[in-house]
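The values are calculated or read from the model by the stated rules, or taken from the named source; none is laboratory data. This one's a predicted model, so the numbers in the text were calculated from it and none came from an experiment. FYI the Cβ positions are ideal-geometry reconstructions off the backbone, even for glycines, and counts take in every protein chain you see.
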Amino acid sequence: MSVSLKGRTAIVTGAAVGIGNAYAKAMAREGCNVAVIDLRPEIMDLTKDLEAHGVKAMAVVGDVSQPATVRKFVDDVIARFGGVDILINNAGQCSVSLVDDDLDKSLADYESMVGTNLRGEYLMGRAVIPQMLKQGRGGEIVNIGTDHGVTCGSPREICPHLSTCTWGDAPRPTGGGTVMDIYDASKYGTYALTFAWAKALRPHNIRVNCMCMGATDSWMIRNFFGERATPEEVATWMTAEDSAQVVVDILREGPKGRTGETINLCVGRPCKKEPEREPIYVTPESIGYDQRETVDA
């Protein structure tokens with residue numbers, strides 16, 4: 001059964017360009033009033049596109065890593081629209097970080113990526129959750145993670161071995177490689193928020209899920225790769241619009257739908273809503289580990 005989103009109020013962070021922009025427009029097409037926030041001044045131009053769908057919209061230039069900014073933004077959304085029903089925690093930063101970078105660059109990268117990707121999601125969630133609880137009508141929180149943590153085929157037991165997979169028969173290793181330690185650390189933290197919030201909020205019909213995004217054609221990935229991305233590689237990237245449709249389909253599940261799930265959107269895997277997965281727990285037996293074995297220190 002598909003639930004209508006019409007008349008709800010949605011917040012989308014990082015919506016000036018790329019994936020967040022597609023998410024915000026998708027919410028408006030579904031009939032949601034939409035509030036957006038981004039560091040980029042062009043976020044102010046988005047309201048006209050959103051309102052063209054016959055909904056109300058508001059935009060703010062702001063940094064989601066700053067508590068005062070988040071507090072005022074959420075308070076203003078509540079005052080303008082009367083509440084918050086959907087939060088899409090999309091705002092993110094991504095840049096190359098090497099293990100031998102000097103300390104000044106390392107600190108700047110940390111503040112940028114952890115500040116936006118993890119602290120920003122945490123602050124927005126903690127600002128919105130009390131309002132959702134007060135409203136007593138449930139709600140939806142969608143965090144944006146990365147496929148580096150839950151790549152297609154991880155855990156190995158659920159690898160579908162798709163013919164379209166760019167890694168062949170072997171599941172892709174987790175992690176973004178040697179140049180994304182801070183980015184991955186910040187995004188892995190979103191899984192912890194997702195699991196804890198989903199468990200605590202389930203009794204209140206507030207669902208919390210995490211979209212684990214693979215390579216998607218957007219400003220962020222093009223800025224990251226620059227001219228290194230070949231046309232062949234770009235052709236494999238997913239579209240922001242397809243990703244937005246998956247989010248819409250997840251939201252339409254309503255309060256009886258999945259919660260606490262990391263939803264894989266990986267290159268080589270169809271960008272569409274997949275059936276809800278049963279929780280999988282790693283046990284010694286599942287990985288062939290003999291508990292009697294010991295390792296010398």
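Listed by position, the helices (runs of 4 or more DSSP H) inside segment 1-84 whose residues that are buried (at least 16 other Cβ atoms within 10 Å of the Cβ), under 18 Å from the mean Cα position of the chain (by Cα) and at pLDDT below 95 number at least 1 are 18-29.
The set of residues in segment 69-106 that are touching a helix residue (DSSP H, G or I) at 6+ places or on another chain (Cβ under 7 Å) and of a type in the set (Ser, Thr, Tyr) comprises 95, 97. Whenever a residue of segment 267-288 is farther than 25 Å from residue 163 by Cβ, its partners that are at pLDDT 60 or above and not in a loop (DSSP other than H, G, I, E, B), lying with C-beta atoms within less than 7 angstrom and at least six residues away or across chains, give the pairs 286/157.
Residue 176 meets each of the listed conditions (1) under 17 Å from the mean Cα position of the chain (by Cα); (2) at pLDDT 80 or above; (3) part of a loop (DSSP other than H, G, I, E, B) apart from (2). Taking every residue in segment 181-204 that is closer than 17 Å to residue 263 by Cβ and pairing it with any residue that is among the charged types (D, E, K, R) and assigned to a helix (DSSP H, G or I), at least 6 positions away or on another chain, the pairs with Cβ-Cβ distances below 7 Å are 190/121; 193/121.
Within segment 255-270, the set of residues being surrounded by 19 or more Cβ atoms within 10 Å (Cβ to Cβ), charged (D, E, K, R) and under 24 Å from residue 4 (Cβ atoms) comprises just one member, 261.
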